[in-house]
Amino acid sequence: LLNIFAFFNFISISFGFYLPGLAPVSYCENEKENCKVSFSNIPVYVNRLVSIESIIPYEYSAFDFCEPVGSPSSPTENLGQVLFGERIRPSPYSLKFNENKTCEKACVRKYDTSKKEDFDKLKFLQYGMLFSYENRWIVDNMPIAWCYQTTSNENFCSTGFPIGCYVDEKGNPKDACIIDENYRDHKNSYILFNHVAITIHYNKVSSDEARLVKAELEPSSIKTGDCNLHAEPLVIPHPDKDDKMTGTVEIPYTYSIAFENTEILWASRWDYILGSLPHTNIQWFSIMNSLVIVLFLSGMVAMVMIRSLHKDIARYNDMESVEEAQEEFGWKLVHGDVFRPPSKAMLLSVLNGVGTQVISMTFITLVFACLGFLSPANRGALGTTSVLVFICLGTVAGYVSARLYKTLGGEKWKTNVITTSFLISGIVFVLFFVMNLILWGEKSSAAIPFSTLIAILALWFGISVPLTFIGAYFGYKRRPLEHPVRTNQIPRQIPEQVLYTKPLTCILMGGVLPFGCIFIQLFFILNSIWSHQLYYMFGFLFLVVIILVITCSETTILLCYFHLAAEDYRWWWRSFLTSGFTAVYFFLYAIHYYISKLAIEGFASAILYFGYTLIMTIMIFLFTGTIGFTACYYFVTKIYSVVKVD
Ligand SMILES: *[C@@H]1O[C@H](CO)[C@@H](O)[C@H](O)[C@H]1NC(C)=O
């Protein structure tokens, strides 16, 4: 068993870090003479600014920092980057390979506070510091990391650095003020970081050429603009009681650059960033925790199968006389009703169709991710892949939905295929659109450009919908799924149920164990989404998803057996909802996470948080629900095919 763990660990580490398809770039000092295929200019790019205290990201230009001279073009972005709010822009910082610079001026910004527009710009900078907004800079497709000692004396490398620090009236500094002890003395002030010292580490591959393996940066605040680190910090004055400022404010932006040779190899250049993320021990703990649940459940299922089910089947099949059969009880009695189509068969088949689409997308994306194609260095690849895979899997949704609907005796096939194409996607799109409106209102960079919205609609109507129709066509042409027993004309009376076989109790219980298996991993995922950390442990995630699939099916089968044995035959919807209820627990957990872990303020942020959470909840509901339904369907078909029914 330990070997298997070691193997998965190996997969997640070796593939998670390796970046196929991303060729290393070589740099050299003098482009004309020594370089064949390498460059001496190293462009620095700036990404959107994010905050852990607000969900709303802003573009670099929103803060009136230095702009590049001329108008160099931004790198092209893929669908995933645009959808998930990345905005990579050129910066005024220009680097030449192995050319140290001390105290270079980027620009000087002057603000005349009596002018409304200047005043507003300063206020927005202060707002950015108050909410701990962070710059994200990129060089050679690598984040420029800000490494510092945490209060518990660990070395931590963040992929962003704060724009400034705010100290309140009582002298309590924000986290960003960790840079300098003395900032505490400046009560109720905004200290802007206007100087950065960048250190770039390179690794020589030949006498002239080198690859960049590490980029670090140290921000500081220097009033004078002469890069003297011991000078006074640059404090932006607080507006007075009438929300006014006086005088002019001058902000010099400066930077220094140093290149250093190191032994770090290009292949392991992400290690220092990923290495300072939460460690794998806790992940192992979470996997162990889930495995215990799986073993426990499997034991239960095995017991039910071997003891009760086997005994039942043997007894049912041994029965000689008709009188004996009359006195029978248990799940065999409901054989004439167990395949009676449920009410709302249309909705059930649509949910299962789209659920199958979600499940397939998850697995395909995870396989790509585990093979290392979607690592953090491959920006936006995760988003792009999952969206495109989802769209292409429309066929699967159409097929499953149509076939199940036909099996359940449905006749309105047109409504069925239209609902499959539009119901869930429509709900998600509307949620997405409403959140986008809010982001537009906040002038945030995460707002999707209008052209991208049109592109999404085109993908949906132009590719996804036709594929769904094709799938549905084939699903309808096939014969319906066969059931081992016939359904009686008249439904049986369902006896009074004890507490633990009542529908509501079953459904409430159903989600507990699957949720218990995933919640530690969920914590890491939520953390990486909302604190904008990188997520790369796809090996672990894959294991956890498999464990989730196993627990969902086992719980549902177990509960399904219990209520069939209690002669309640309404399992169709119940099996879907039993494991689908995991999503409700997820939603509750997300609320808990919002209250206890995030210090997010503002109404717009809250709406965005819950909007995104709702979309995730819908996906998890479809995923787990479909797993439960399929497992139970399989189980019911199996057990009724082995008993003799006259
Ligand atoms: C640049 O600065 C670093 C660190 O200060 C030093 O080790 C290196 O030799 C300098 N490089 C050049 C080309 O001067």
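Would the stretch 87-98 turn up any residue that is without any contact (Cβ under 8 Å) to a residue 12 or more places away in the chain, more than 16 Å from the ligand (Cβ to nearest atom) and farther than 23 Å from residue 27 by Cβ?
The answer is no, given that none of the residues of the stretch 87-98 is without any contact (Cβ under 8 Å) to a residue 12 or more places away in the chain, more than 16 Å from the ligand (Cβ to nearest atom) and farther than 23 Å from residue 27 by Cβ.
With the condition kept exactly as written, say whether any residue in the stretch 138-156 is buried (at least 19 other Cβ atoms within 10 Å of the Cβ), within 26 Å of residue 212 (Cβ to Cβ) and in contact with a helix residue (DSSP H, G or I) (Cβ under 6 Å, 6 or more places away or on another chain). So that I can check it myself, show each step before the final result.
From the stretch 138-156, those buried (at least 19 other Cβ atoms within 10 Å of the Cβ) are 138-140, 142-146; that's our starting set.
Subsequent filtering for residues that are within 26 Å of residue 212 (Cβ to Cβ) retains 138-140, 142-146.
From what is left, the residues that are in contact with a helix residue (DSSP H, G or I) (Cβ under 6 Å, 6 or more places away or on another chain) are 145.
Checking the stretch 138-156: at least one residue is buried (at least 19 other Cβ atoms within 10 Å of the Cβ), within 26 Å of residue 212 (Cβ to Cβ) and in contact with a helix residue (DSSP H, G or I) (Cβ under 6 Å, 6 or more places away or on another chain).
Select from the stretch 596-621 the residues that are in a helix (DSSP H, G or I), in contact (Cβ under 8 Å) with a residue 60 or more places away in the chain and closer than 17 Å to residue 522 by Cβ and list them in ascending order.
Selection gives 609, 612, 614, 615, 618, 619.
Could we say that residue 475 is surrounded by fewer than 20 Cβ atoms within 10 Å (Cβ to Cβ) and part of a helix (DSSP H, G or I) here?
For residue 475, the condition - surrounded by fewer than 20 Cβ atoms within 10 Å (Cβ to Cβ) and part of a helix (DSSP H, G or I) - is not met.
Restricted to the stretch 447-466, and to residues that are under 29 Å from residue 605 (Cα atoms) and among the aromatic types (Phe, Trp, Tyr), which residue is nearest to the chain's Cα centre (by Cα)?
Going through the qualifying residues, I end up with 460.
Within the stretch 161-171, which residues are in contact with a helix residue (DSSP H, G or I) (Cβ under 8 Å, 6 or more places away or on another chain) and either in a loop (DSSP other than H, G, I, E, B) or over 30 Å from residue 211 (Cα atoms) (or both)?
163, 164, 165, 166, 167, 171
So, restricting to strands (runs of 3 or more DSSP E) that lie completely within the stretch 99-160, which ones have at least 2 residues that are within 16 Å of the ligand (Cβ to nearest atom) and over 30 Å from residue 39 (Cβ atoms)?
Those strands (runs of 3 or more DSSP E) do not exist here; none qualify.
Listed here are the residues, each with its yes/no results for (1) within 23 Å of residue 409 (Cβ to Cβ); (2) among the charged types (D, E, K, R); (3) out of contact with any Ser or Thr (no Cβ under 6 Å at 6 or more places or on another chain).
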{"position": "491", "(1), (2), (3)": "yes, no, yes"}
{"position": "498", "(1), (2), (3)": "no, no, yes"}
{"position": "501", "(1), (2), (3)": "no, no, yes"}
{"position": "505", "(1), (2), (3)": "no, no, yes"}
{"position": "510", "(1), (2), (3)": "no, no, no"}
{"position": "528", "(1), (2), (3)": "no, no, yes"}
{"position": "551", "(1), (2), (3)": "no, no, yes"}
{"position": "566", "(1), (2), (3)": "no, no, no"}
{"position": "569", "(1), (2), (3)": "yes, no, yes"}
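Of everything in the stretch 210-231 that's farther than 17 Å from residue 137 by Cβ and among the basic types (Lys, Arg), which residue is surrounded by the most Cβ atoms within 10 Å (Cβ to Cβ)?
This residue is 211.
Restricting to the stretch 200-209, and then to whatever is more than 14 Å from the ligand (Cβ to nearest atom) and hydroxyl-bearing (Ser, Thr, Tyr), can you tell me which residue is surrounded by the most Cβ atoms within 10 Å (Cβ to Cβ)?
Ranking the candidates gives 206 first.
Conditions: (1) crowded, with 17+ Cβ neighbours inside 10 Å; (2) within 16 Å of the ligand (Cβ to nearest atom); (3) modelled with pLDDT of 90 or more. Residue 47 meets all but one. Number of the miss?
With (1) crowded, with 17+ Cβ neighbours inside 10 Å; (2) within 16 Å of the ligand (Cβ to nearest atom); (3) modelled with pLDDT of 90 or more applied to residue 47, the lone miss is (2).
Among the residues of the stretch 230-269 satisfying the criterion of being away from the ligand (no atom under 16 Å from the Cβ) and closer than 25 Å to residue 99 by Cβ, which is nearest to the chain's Cα centre (by Cα)? If you could, list the steps in order and put the result at the bottom.
To start, the set of residues in the stretch 230-269 that are away from the ligand (no atom under 16 Å from the Cβ) comprises 230-254, 265-269.
This time we only want the ones that are closer than 25 Å to residue 99 by Cβ, so: 252-254, 265-266, 269.
Details: 252: 38, 253: 35, 254: 36, 265: 30, 266: 28, 269: 24 Å.
Here the answer is 269.
Which residue is farthest from residue 373 (Cα to Cα), if the candidates are limited to the stretch 493-512 and must be assigned to a helix (DSSP H, G or I) and at pLDDT below 85?
Once the filter is applied, the top-ranked residue is 499.
Looking at the stretch 518-535, can you tell me whether even one residue there is outside any helix (DSSP H, G or I), at pLDDT 85 or above and either in contact with a helix residue (DSSP H, G or I) (Cβ under 8 Å, 6 or more places away or on another chain) or over 20 Å from residue 432 (Cα atoms) (or both)?
So in the stretch 518-535, the residues outside any helix (DSSP H, G or I) come out as 531-535.
Then keep just the ones that are at pLDDT 85 or above; that gives none.
Looking for residues that are outside any helix (DSSP H, G or I), at pLDDT 85 or above and either in contact with a helix residue (DSSP H, G or I) (Cβ under 8 Å, 6 or more places away or on another chain) or over 20 Å from residue 432 (Cα atoms) (or both), one finds none in the stretch 518-535, hence no.
Against the definition (within 16 Å of the ligand (Cβ to nearest atom) and under 23 Å from residue 199 (Cβ atoms)), how does residue 212 come out, yes or no?
yes
Restricting attention to the stretch 424-450, which residues are under 30 Å from residue 570 (Cα atoms), buried (at least 17 other Cβ atoms within 10 Å of the Cβ) and not polar (S, T, N, Q)?
Scanning the stretch 424-450 gives a single hit, 424.
Of the residues 562, 515, only one is within 30 Å of residue 371 (Cα to Cα) and in a helix (DSSP H, G or I); which?
Result of the check over 562, 515: 515.
Within the stretch 442-451, is there a residue that is touching a residue at least 40 places away in the same chain (Cβ under 8 Å), assigned to a helix (DSSP H, G or I) and on the phi < 0 side of the Ramachandran plot?
Here is the first cut: in the stretch 442-451, the ones touching a residue at least 40 places away in the same chain (Cβ under 8 Å) are 442-446, 448-449.
If we keep only those that are assigned to a helix (DSSP H, G or I) as well, we get none.
No, the stretch 442-451 contains no residue that is touching a residue at least 40 places away in the same chain (Cβ under 8 Å), assigned to a helix (DSSP H, G or I) and on the phi < 0 side of the Ramachandran plot.
One line per residue, one yes/no per condition, for (1) in contact with a helix residue (DSSP H, G or I) (Cβ under 9 Å, 6 or more places away or on another chain); (2) farther than 28 Å from residue 305 by Cβ; (3) of a type outside the set (S, T, N, Q):
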{"position": "549", "(1), (2), (3)": "yes, no, yes"}
{"position": "554", "(1), (2), (3)": "yes, no, yes"}
{"position": "557", "(1), (2), (3)": "yes, no, yes"}
{"position": "563", "(1), (2), (3)": "yes, no, yes"}
{"position": "596", "(1), (2), (3)": "no, yes, no"}
{"position": "608", "(1), (2), (3)": "yes, yes, yes"}
{"position": "616", "(1), (2), (3)": "yes, yes, yes"}
{"position": "625", "(1), (2), (3)": "yes, no, yes"}
{"position": "640", "(1), (2), (3)": "yes, no, yes"}
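Of all residues being more than 16 Å from the ligand (Cβ to nearest atom) and in a strand (DSSP E or B) in the stretch 182-199, which is farthest from residue 99 (Cα to Cα)? Just the residue, please.
That would be 189.
The values are calculated or read from the model by the stated rules, or taken from the named source; none is laboratory data. Model, not experiment: these values are computed from the prediction. As a convention, Cβ positions derive from the backbone with ideal geometry for all residues, glycine included, and neighbour counts pool all protein chains shown.
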